[in-house]
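As structure tokens, the structure follows; a few thoughts come after it.
Taken together, the values in this text are just the output of simple stated rules run on the coordinates, not laboratory data. Every value quoted in this text rests on a predicted model; they were computed, and no experiment measured them.
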Amino acid sequence: MPTEADPIINNWYYHLDKGQRFYVVAIDEDEGVVEIQHFDGELEEVSLSNWYDMNIKVGEAPENWSGAMDIGEVDDFGTEITDTPRRDWSDPLKQYRKPDRE
């Protein structure tokens with residue numbers, strides 16, 4: 001079923017046939033092209049005429065939308081993730097070694 005949803009930069013859409021989410025990155029009306037980025041990071045260009053033939057609907061951003069996006073800071077995607085302290089990852093197998101092998 002063709003869509004009536006217009007492509008809007010920074011909006012997420014859901015491809016009903018493929019079950020995939022994608023994000024509109026850019027629209028070039030002079031060239032008649034919509035550039036989209038799939039959640040897995042793959043970039044694709046779709047002609048405007050093909051856009052309206054696609055079976056898509058406006059969707060919501062995934063819970064962890066940073067998957068394929070270029071995130072500069074951890075806080076950019078609104079979660080309270082903290083970095084693991086250096087002392088916790090310097091020797092992860094230390095607790096499993098026999099005392100005579102340290």
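Amide H neighbours of residue 33 under 5 Å, counting only residues 5+ apart in sequence or on other chains, H built in-plane at 1.01 Å?
Hits under the 5 Å cutoff: 28, 48.
Among the lysines, select those whose C-alpha is under 25 Å from the C-alpha of residue 57, and discard any that sit fewer than 8 residues away in the same chain.
18
Whose amide H sits under 5 Å from the amide H of residue 12, counting only residues 5 or more places off or on another chain, with H placed in the peptide plane?
59
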